[in-house]
C-alpha cells in the first residue's frame, strides 16, 4: 500500500512526501530494492549538487523498468528537471495549449489552458469605428496570473497547463449558466482552481480562485496571493488621441468614492495601500474590471501610453493582493466585468451587486460626469431628459435638437433677466457719459463711485447681466462632460457627421496644424460662427457700457476663435449642441428685444430715483476708502418732501 501511494506522489511531483512513503515501504520490505532506488533518485533530484551517499550500496545501481524510462527517455528526463524546478507542479509544466470559447450573447471570451486565463475578450454587440470586432484584450502578451513560492521554488500560474472541466472548443451560455473550471494540479487532492461562471446576456462573470489542499504547497508566510493583470488596451474609436486622453486605470477604495490615475501624463502609477472594491482598465466607452465581492487587501496600478503602435493605445497594469489564510480549503470570490461604460446600466449592475453583497460598488463611476454641481446637473437633469427622449426619438441628431430646446426653455428666465439688465445699462449710458465729463479720468475712484451711486439710485445692478450667465454655467460645463462620454452617441450619424461621439470631418488636410489637427470639423466652424454672431449682438446691446474694460471686447471675439482649435477633435455632438444652443439663444434674444421698450425702462428708472436709497455695507466700505484717500463723494441720498 505504501508503494502505491509513494508512486502516486512521485508521479505528481510531490517528492518529499513520496520519499517518506518509500522509506516506510523500505522498512516494511527490507529485501525489496525498489523503494531504496526511488529514494536514491529523489535525493538526486532534490540535491543534484550533492554526491550520492549510497554510491557503495549495490541498490544504487539497480536498474528497474521505471528507472530506465526515467533516465533514458527525453520526456522522463524533462520531468526530472521539472521536478527540480517546479516541485509539486512539475507535471503541469509541459503540455499543449488548448483554447475554449464561451459565448453568452454579449461576451465571446476565449480561454487558454496555459494559465487558465482569458486570452481574448470580444463584445459581440459592438464593433470598432472601422466595423471590425470590438476586442478588449487579445493574445499572449496580456498577463493574468498568480505568483507564489512553493518550497522555495517560484511559481507563476501563467507558465503552467491547467486541466479542463470541459473539452468542448466552443460552449454556449446563451440559455443557461455555464461554469468553466481550470485546475493547476499539485497532487491528487491538491490544486489551485480558476473558476469562471457565465450567465446569459450579462457583462458580469463570476470568478473564483479556489485553493484546495494547497497549504503544503504554498509557502506558509503568505497572507495574500498577488494576482497580476496586465493588458494592451486596443483602440476602438476614430479619434485616437481623444480616446487615449479619456482612458486610464480607475479604482474604488472599500466604502469610498471612485478615483483614477491622471489622464494627462505619458505614464502614471500608484500604490494603493488600503482595502479596495475594484480596479478597472477604463477606456473611452468600454472597460475591463476585476471586482472583489468583499474587498482586496491592496493593489499597485499603472499605465503607459503607446503612441506608436498601430492599434494599441495603452499598457494597463495592476497587482492585486487576494486574501489568503493557508487553510486546507479556501476561496476568494470575485467578479469580472467586460462591457460598455453606460451610466444607467452600470448603476443597475451596482444595485444588483449591492443587494447580493451589501456593499456600495459605484460602477457608474466609470462614466466621469464631472465634479460637484456639474456632476449633479448631469445625473439629475441631463441624463434623465436624454434617456426619456431616447424612448421616443431614435435619431440622435433630432434628439439633441429637442434636448437643446428644453434646456434653453429652462434657462429662458435667466436669459430674460440678463437681457433686461443689459437694456437698463444701455438706457443709462447718457448719464454715465455726463458723469465722466464732470469727473476727470484721473479721479478714477471718484468717477466709479459716482457711477455706482447713480446705478444704485436708479435701481440697476451692473452685475445683473453677469449673474444669470453664471447661473447657466453648470449646464454648459455639464454638457461639456456629458457628450464625450455618452456611449449612446457612439456611431450614431447625423447629416454629414458619421459618428456624433467623435469629430466630423468634411476635409482632410495633407498636413497637421499644431493644436488643430489634420482635418476640418464643420460643426465646430458653425459653432464658432454662431458664437461670433451672438457676441456681436451682445456688444451692440451693451453699446459703450464696457468702455472701462477695453480689452473685454477683444477677448469676447477671441474666445470663439480659440474654441475652433479646442473643439476640432472633440465630439461633434458637443459642437452641434453648442451651435444649436447659441442659435436658439440668439432667437430668444431677438424675441425678448421686441417685448422690451427702452422708454418704459427709462421711465421706471426715473421713478426708482425718487425713492429713498439705503447704502449697502459694500458701498459704505468703498466710500470710507475713498474718503481716506481724499476723494469728495457726491450726495446720493434722496430726501422725502
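Descriptive notes on the structure:
Yes/no matrix, rows are residues, columns are (1) part of a loop (DSSP other than H, G, I, E, B); (2) loosely packed, with under 13 Cβ neighbours inside 10 Å; (3) at pLDDT below 90:
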position	(1), (2), (3)
370	yes, no, yes
374	no, no, yes
385	no, no, no
393	yes, no, no
398	no, yes, no
402	no, no, no
408	no, no, yes
413	no, yes, yes
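- Qualifying residue in segment 240-247 (condition: under 21 Å from residue 116 (Cα atoms) and either surrounded by fewer than 21 Cβ atoms within 10 Å (Cβ to Cβ) or not assigned by TED's automatic domain parsing to the domain that holds residue 158 (or both)): no
- Residue in segment 542-554 that is modelled with pLDDT of 65 or more, over 22 Å from residue 596 (Cβ atoms), in contact with a helix residue (DSSP H, G or I) (Cβ under 8 Å, 6 or more places away or on another chain) and in a loop (DSSP other than H, G, I, E, B) present: no
- If you go through segment 264-283 and pick out every residue that is under 14 Å from the mean Cα position of the chain (by Cα), surrounded by 16 or more Cβ atoms within 10 Å (Cβ to Cβ) and part of a loop (DSSP other than H, G, I, E, B), you end up with 1.
- Odd one out for residue 344, checked against (1) in contact with a helix residue (DSSP H, G or I) (Cβ under 7 Å, 6 or more places away or on another chain); (2) at pLDDT 95 or above: (2)
- When we screen 158, 147, 130, 141 for residues that are within 27 Å of residue 280 (Cα to Cα) and in a helix (DSSP H, G or I), the only hit is 158.
The values are calculated or read from the model by the stated rules, or taken from the named source; none is laboratory data. On a predicted model such as this, the values are computed, not experimentally measured, just so you know. Reconstructed Cβ throughout: ideal geometry from the backbone, glycine too, with neighbour counts over all protein chains shown.
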